[in-house]
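Notes follow the structure.
The values are calculated or read from the model by the stated rules, or taken from the named source; none is laboratory data. The shown structure was predicted, so the numbers you read here are calculated from the model rather than taken from an experiment. Backbone-built Cβ (ideal geometry, glycine too); neighbour counts: all protein chains shown. Surface accessibility is based on the protein's heavy atoms, side chains included, excluding ligands, DNA and RNA. Shrake-Rupley method; radii C 1.70, N 1.55, O 1.52, S 1.80 Å.
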Amino acid sequence: MIEPIAFHKTLEGKSNAHLITFNDGKDYVVKFFQPGFEKTLPNEWVSYCLARYLGLPVPFARLVEIPQEFSSKVPGLAGTHHTQYQFASLYVPDCFDGHQVSNVPHIINHKSLAGVILLDYWLYNRDRTRKNIVLCEETQGNFHLWIIDHAEVFDSYNWLESDLESLPEEVLKSATHQFMAQFIENDQSFTDYLELIQTIPILLIEEIVTLIPDDWMVSKEEKKAIVSTLVTRRKKILPELKGKFFKKVYQPLHEKND
Ligand SMILES: Nc1ncnc2c1ncn2[C@@H]1O[C@H](COP(=O)(O)OP(=O)(O)OP(=O)(O)O)[C@@H](O)[C@H]1O
Ligand SMILES: [Mg+2]
């Protein structure tokens, strides 16, 4: 397992994410288990694995161990007890968030965008804000879009089992979804991603959930509830939400542009 070698800074935001260099020579954004935010790490883990399966542009991530002697030197972590594993996402350097760029003529990986939107609806991610995308300008006017921060899927960073059964089935208010929808060129990509989501083997979903580290304190019942929520939502609710999004957000945008 990779080991941390240098702490750089604590990043803005409520998760207290820390930028740390590891001995593989790479920088990672590390989120630690925090009381009051118990589901942050499980949410990140499950979302990351599903996004990777779908081939969506999520920075490479892994579970890491930070020795106490290292974390004791990190501001804000000294003296706090933390779990054996933390969630680390490969840092994407020299890029912008969605607030920082006003003119985006082209998104290179626009074919992934319908998948990002469907992932957010499947997991009920209300936090796809402009700060939770990363835009990297590869050549003038051509941006690669990354998705980050899945701490608030399943509606919150501290959901309870009963919340999962009643996740909303409404169109999300997200200026970032609107922004992304403008760049989608082919309606069919929503249907293709829906099919991809619906055909992920249940065994794989179970495996992802089983791999949540024990000391992140997700109970057996909660793990079961994650799997059944994912299976129920992808079958019945996601197709409906896709239709609603299409009508309410996607079509009006594209009519205007035609
Ligand atoms: N993989 C990454 N590459 C580059 N920057 C990142 C990455 N992950 C996080 N960041 C930066 O760190 C900030 C905080 O990370 P993140 O959004 O995941 O956590 P957060 O504290 O939950 O945020 P918020 O409070 O906005 O919900 C981001 O807004 C972004 O600027
Ligand atoms: Mg964020």
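When Ala51 is tested against (1) away from ligand 2 (no atom under 16 Å from the Cβ); (2) outside the structural domain of Arg233 (by TED's automatic domain parsing); (3) touching a Gly at 6+ places or on another chain (Cβ under 9 Å), only condition (1) is not met. Would you confirm whether any residue within the range 141-148 is outside the structural domain of Phe60 (by TED's automatic domain parsing), open to solvent by 30 Å² or more (accessible area, probe 1.4 Å) and within 16 Å of ligand 2 (Cβ to nearest atom)? Yes, because at least one residue in the range 141-148 is outside the structural domain of Phe60 (by TED's automatic domain parsing), open to solvent by 30 Å² or more (accessible area, probe 1.4 Å) and within 16 Å of ligand 2 (Cβ to nearest atom).
Restricting attention to the range 1-25, which residues are within 18 Å of Pro67 (Cβ to Cβ) and either within 13 Å of ligand 2 (Cβ to nearest atom) or touching a residue at least 40 places away in the same chain (Cβ under 8 Å) (or both)? First the steps, then the outcome.
Going through the range 1-25, the residues within 18 Å of Pro67 (Cβ to Cβ) turn out to be 1-8, 18-24.
Result: Met1, Ile2, Glu3, Pro4, Phe7, His18, Leu19, Ile20, Phe22.
Looking at Asn125, Asn103, just one residue is within 16 Å of ligand 2 (Cβ to nearest atom), assigned by TED's automatic domain parsing to the domain that holds Lys248 and assigned to a loop (DSSP other than H, G, I, E, B), and that residue is Asn125.
What number of residues within the range 60-78 satisfy the criterion of being open to solvent by 40 Å² or more (accessible area, probe 1.4 Å) and either in contact (Cβ under 8 Å) with a residue 60 or more places away in the chain or part of a strand (DSSP E or B) (or both)? Walk me through how you get there before you give the answer.
As a first pass, look at the range 60-78 and keep what is open to solvent by 40 Å² or more (accessible area, probe 1.4 Å): 60, 62, 65, 67-69, 72-73, 75-76, 78.
Cutting the leftovers down to either in contact (Cβ under 8 Å) with a residue 60 or more places away in the chain or part of a strand (DSSP E or B) (or both) gives us 62, 65, 67, 73, 75-76.
Matching residues across the range 60-78 total 6.
When you look at Leu135, is it touching a Cys at 6+ places or on another chain (Cβ under 7 Å), assigned by TED's automatic domain parsing to the domain that holds Arg233, within 23 Å of Arg62 (Cα to Cα) and not in a helix (DSSP H, G or I), yes or no? Spelling it out, Leu135 is indeed touching a Cys at 6+ places or on another chain (Cβ under 7 Å), assigned by TED's automatic domain parsing to the domain that holds Arg233, within 23 Å of Arg62 (Cα to Cα) and not in a helix (DSSP H, G or I). Hey, does the range 79-93 have a residue that's buried (at least 17 other Cβ atoms within 10 Å of the Cβ), within 16 Å of ligand 1 (Cβ to nearest atom) and without any contact (Cβ under 8 Å) to a residue 40 or more places away in the chain? There is no residue in the range 79-93 that is buried (at least 17 other Cβ atoms within 10 Å of the Cβ), within 16 Å of ligand 1 (Cβ to nearest atom) and without any contact (Cβ under 8 Å) to a residue 40 or more places away in the chain.
Scan Asp120, Asp155, Asp149 and give me the residue that is within 13 Å of ligand 1 (Cβ to nearest atom) and of a type in the set (D, E, K, R). Working first, answer last.
Details: Asp120 fails: within 13 Å of ligand 1 (Cβ to nearest atom); Asp155 fails: within 13 Å of ligand 1 (Cβ to nearest atom).
Testing whether each residue is within 13 Å of ligand 1 (Cβ to nearest atom) and of a type in the set (D, E, K, R) leaves just Asp149.
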